[in-house]
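Here the structure is laid out as structure tokens; the discussion comes afterwards.
The values are calculated or read from the model by the stated rules, or taken from the named source; none is laboratory data. It should be emphasised that the depicted structure is a prediction, and the values quoted were computed from it without experimental measurement. Every residue, glycine as well, gets a Cβ built from its backbone with ideal geometry; the counts of neighbours run over all protein chains shown. Heads up: the accessible areas ignore ligands, DNA and RNA and are worked out on the full protein's heavy atoms, side chains in. Shrake-Rupley method; radii C 1.70, N 1.55, O 1.52, S 1.80 Å.
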Amino acid sequence: QAAPVRDLAARQVGSDDAGRVDDALRVLGIVGAPLHLLDRVLAFALDDDLGASEARRLIVAWPDRAVDARLTSEMALALASREWTRLRHASSMALERESPAARVIAQRVLEVAERDPDAVDAAVECARRLREAAAIDRTWALAALARPASPIFAVAARAWRRDEAIRPALEAALASTARGGASAVHAAIALLQADPVLNPRDRRLAAVLETAGASQRAELVHVMCI
């Protein structure tokens, strides 16, 4: 007997009130979204506005498999136009839906991240999902961690930080000066979020902080405090 509630929530998805949209999407996550709302829900899912996370959950559970083609198309277009936030969200949904075509594009995203630091966040999402699908493994991560001069180092450090086998590579990178100390910062953050965690009073972190840029230093201090 959820039809009246579903209809009411569907009407609210078109509201200009972001809070109302967020609530409506949350309700639709429980009772199911009408298929005609796909374009509207997808628009929210590809952004970072209020309601975006609820919209992404709806898209991942969307019953019509035709949405997979839409998501892979969004991935390809976002990659071509270097819209990294849109690419990250499209990749997350498409790969969670286990789209084979999305995995091909995700591999391309990893290749782009080897030389473009702006692609790192999207590449981390792709790497995590590909790892879960066993499409890439620890061998890939260790090869990436052996290249601290490339942005791909940060992708592997973030996506594999809880893997005990990569810990020696991360600890070795604490002394790296590559990319202005950026790789050392990524290694330190990964170790601080690993299991077991690196002691935030570890003396090596002082040296990392000294060589890091201002924004990276702030990010590292934040993680140390946490």
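Give the calculated FRET efficiency between Ala80 and Ala101 to the nearest 0.05, with a Förster radius of 22 Å applied to their Cβ-Cβ distance.
0.90
Averaged per residue, what accessible surface does the range 116-186 expose to a 1.4 Å probe, in Å²?
Solvent-accessible surface per residue comes out at 41 Å².
With +1 on the Cβ of every Lys and Arg and -1 on the Cβ of every Asp and Glu, and nothing else charged, how large is the dipole of the chain about its Cα centre, in debye rounded to the nearest 20?
Roughly 500 debye for the chain.
If amide hydrogens are placed 1.01 Å from N in the peptide plane, which non-local residues have theirs closer than 5 Å to the one on Gln193?
Those qualifying (amide H under 5 Å, at least 5 residues apart or on another chain) are Leu198.
How far, in nm, would the chain grow between His36 and Ala133 when pulled straight, counting 0.36 nm per residue and subtracting the alpha carbon separation?
Length difference between fully extended and current span is 31.9 nm.
Which whole-angstrom value gives the distance between the alpha carbon centres of the range 144-178 and the range 62-79?
Taking the Cα centre of the range 62-79 as reference, the centre of the range 144-178 is 32 Å away.
Order of 163-169, 193-199, 99-105 by packing, highest average Cβ count within 10 Å first?
99-105, 163-169, 193-199
Given R₀ = 45 Å, FRET efficiency for Asp118-Gln1 by Cβ-Cβ distance, to 0.05?
Result of the calculation: an efficiency of 0.35.
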